[in-house]
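The values are calculated or read from the model by the stated rules, or taken from the named source; none is laboratory data. What you are looking at is a predicted structure, and each value in this text was computed from that prediction instead of being measured. Note that each Cβ is placed from the backbone with ideal geometry, even for glycine, and that neighbours are counted across all protein chains shown. With ligands, DNA and RNA removed, areas are computed over all heavy atoms of the protein, side chains included. Shrake-Rupley method; radii C 1.70, N 1.55, O 1.52, S 1.80 Å.
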Amino acid sequence: MATATLARHSLAHFMDLESIKYSIAAQPVSRRQSLHLFYHRCYHHKPCSVVASMNGCQGNPRDRVPIGSIETRTFPAVTSPALATDTLNLAISEMKANPPLFTSGILRLQVPIQQQIEAIDWLHSQHQIHPRCFFSGRRQSKDFTEVTNGNGYQKSNNVVSVAGVGSAVLFRNDHPFCYNDWKSIKRFLSANCPLIRAYGAIRFDARANISSEWEPFGSFYFIIPQVELDELDGCSMLATTIAWDNAFSWTWEQAVDAVEATMTQISSNVVKLSKEVTRSFIISTSHIPSKMYWDLAVERALQIINRSSSPLAKVVLARSSKIVIANDIDPIAWLACLQVEGENAYQFCLQPPNAPAFIGNTPEQLFHRNCLGISSEAIAGTRARGGSMALDLQIQLDLLSSPKDHLEFTIVRDNIRKKLEAVCDRIVVEPNKAIRKLHRVQHLYARLAGELRSEDDEFNILSSLHPTPAVCGFPTEEARLLIAETEVFDRGMYAGPVGWFGGGESEFAVGIRSALVEKGLGALIYAGTGIVKGSNPSLEWEELELKTSQFTKLLKLEGPSRQKIENSGIII
């Protein structure tokens, strides 16, 4: 079967402002910790290729020793990115002449900036330095509401966006992400240095063959950036990270040389994005599967679900849409537009060297861990927003009362609760069932929270929660097998975990509402929908169209008239 092709072609990061309370006028501060990690028996893995950095998953974990030093140094605040760059360059130059005593370590140098610079603007100004990554938490706006028992409420978060270029440490391989890979990443992290974080993504199905467009990402792809811009409320911070390990044949001298090379490319001239892409005609659009084959796939799935002997209650089928337009698509400019589109969602970008950019605007959290506290979300069922308050309420009530959507949502919520109960002492579900209203769509929603028995349970949570019934189905293995038999394109990182690992905190979203974008070759846009008893193939296709419209609406030179939109009663 044909696989949608796109030539080969770094992710990102959400930060809690509370984790980096620092005095802007503080003198340089040093934090150092030696880590002593225990490594379980592991298989020998094929080393990954190294691009101007070491691969932290390379070699045999049994032969590794704990990182010698993990340290963060904070310098006095400056007034501009140019002065921050000068400060970092001077510090790197001085350290080059005074190498550390440790044979391995990771050192973050950070300079607060007394102005708020949008991380996405900084990233766009870096002239295509690869790898690159971006991650932003939910910027909740007036469009965001969670509705319970007919009443709306809003909650606010201190949200930080982070953009990074280069890789101080790369973690990539083609084998499925395992416990030893997680330990390899955690080896470079410490709760005492909360801003040293690894940003990346994991494939939806590591057992599926990797197609050419996803090949640079491997089965998992994480980086600790060499240079990053942290956007905070009211201020910013420029940082560079140096990591070395003689056991990986990546010495201090090599690490410093690599950082210096990246710093020479860093631009301090940050130009604010207009957050409007240059609109262009769509030359061609093709879907895998086509509408005809989609209908057949949904009907076949329903036949299996409706069999009395079948355990399958839900399967999530997806579509890949290839869009070719007259002009190049700039993935960062496109992502900036998605920030306007959905301020209450996670935005992310992950782009390895010589690869497409994986970008997305997802509303769905996989999990957030802060020390032993863990939370997750159940989201299922989709409706458009209404063009008026009355119509929007009517659509909301229809979603709440729909037996089909209630079944789909209940499967997701109860499955997540069961998996959390396996590693947590007590689970709280609140709200039990609500409406989450986004800018363009609304979903059934519940939040689940608990307390982990051990921080090592983080890997168990990640491996057990993914894939959720919201992106795969239930039971998981039956649904995964049907997806593998049915879909003729590679999902890659679409619907997989996307986020970051930190020493004392980690956060992952689900990589839906996403696209793979490459200059000169257009984009592959991904969307999926849950098939349960009562599903209708045509209605499910319309849901796919609604989910991909946040991308396609940015490309059309001319769209439907406002009058037509208002008459339809739906915000397009």
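Yes/no matrix, rows are residues, columns are (1) within 27 Å of Leu189 (Cβ to Cβ); (2) buried (at least 19 other Cβ atoms within 10 Å of the Cβ); (3) more than 26 Å from the chain's Cα centre (by Cα); (4) modelled with pLDDT under 95:
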residue	(1), (2), (3), (4)
Ser80	no, no, yes, no
Asp86	no, no, yes, no
Lys96	yes, no, yes, yes
Leu109	yes, yes, no, no
Gln128	no, no, no, yes
Cys133	yes, yes, no, no
Lys142	no, no, no, yes
Thr148	no, no, yes, yes
task = Inspect the stretch 287-307 for any residue being farther than 29 Å from Asn460 by Cα, of a type in the set (Ser, Thr, Tyr), at pLDDT below 95 and part of a loop (DSSP other than H, G, I, E, B) and give the result as yes or no.
result = no
task = Could you please find all residues in the stretch 70-82 being farther than 24 Å from Phe248 by Cβ, touching a strand residue (DSSP E or B) at 6+ places or on another chain (Cβ under 8 Å) and of a type in the set (A, V, I, L, M, F, W, C)?
result = Phe75, Ala77, Val78
ask   = Which condition breaks for Ala326 when tested against (1) over 30 Å from Thr468 (Cβ atoms); (2) surrounded by 15 or more Cβ atoms within 10 Å (Cβ to Cβ)?
value = (2)
request  = Quick one: count up the residues across the stretch 212-232 that are under 21 Å from Ser506 (Cα atoms) and either part of a loop (DSSP other than H, G, I, E, B) or touching a strand residue (DSSP E or B) at 6+ places or on another chain (Cβ under 6 Å) (or both).
outcome  = 14
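For the stretch 244-256, enumerate the residues that are farther than 25 Å from Val78 by Cα and surrounded by 18 or more Cβ atoms within 10 Å (Cβ to Cβ). Please lay out each step first, then the result.
Going through the stretch 244-256, the residues farther than 25 Å from Val78 by Cα turn out to be 244-255.
The answer is Trp244, Asp245, Phe248, Trp250, Trp252, Ala255.
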ask   = Mind checking which residues of the stretch 386-409 are of a type outside the set (A, V, I, L, M) and open to solvent by 30 Å² or more (accessible area, probe 1.4 Å)?
value = Gly387, Ser388, Gln394, Asp398, Ser401, Pro403, Lys404, His406
query = Could you list, in sequence order, the residues of the stretch 257-277 that are assigned to a helix (DSSP H, G or I) and surrounded by 19 or more Cβ atoms within 10 Å (Cβ to Cβ)?
reply = Ala258, Val259, Thr262
ask   = Could you list, in sequence order, the residues of the stretch 417-433 that are of a type in the set (A, V, I, L, M, F, W, C) and either in a strand (DSSP E or B) or open to solvent by 30 Å² or more (accessible area, probe 1.4 Å) (or both)?
value = Ala422, Cys424, Ile427, Val428, Val429
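Test Asn192 against the criterion of being open to solvent by 10 Å² or more (accessible area, probe 1.4 Å) and out of contact with any helix residue (DSSP H, G or I) (no Cβ under 9 Å at 6 or more places or on another chain), and give yes or no. Before you say what the answer is, go through the steps one by one.
On the way: open to solvent by 10 Å² or more (accessible area, probe 1.4 Å): yes; out of contact with any helix residue (DSSP H, G or I) (no Cβ under 9 Å at 6 or more places or on another chain): yes.
Yes; evaluated as a whole, the condition is true for this residue.
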ask   = Taking the stretch 347-391 as the region of interest, how many residues are under 23 Å from Asp405 (Cβ atoms), of a type in the set (A, V, I, L, M, F, W, C) and part of a strand (DSSP E or B)?
value = 5
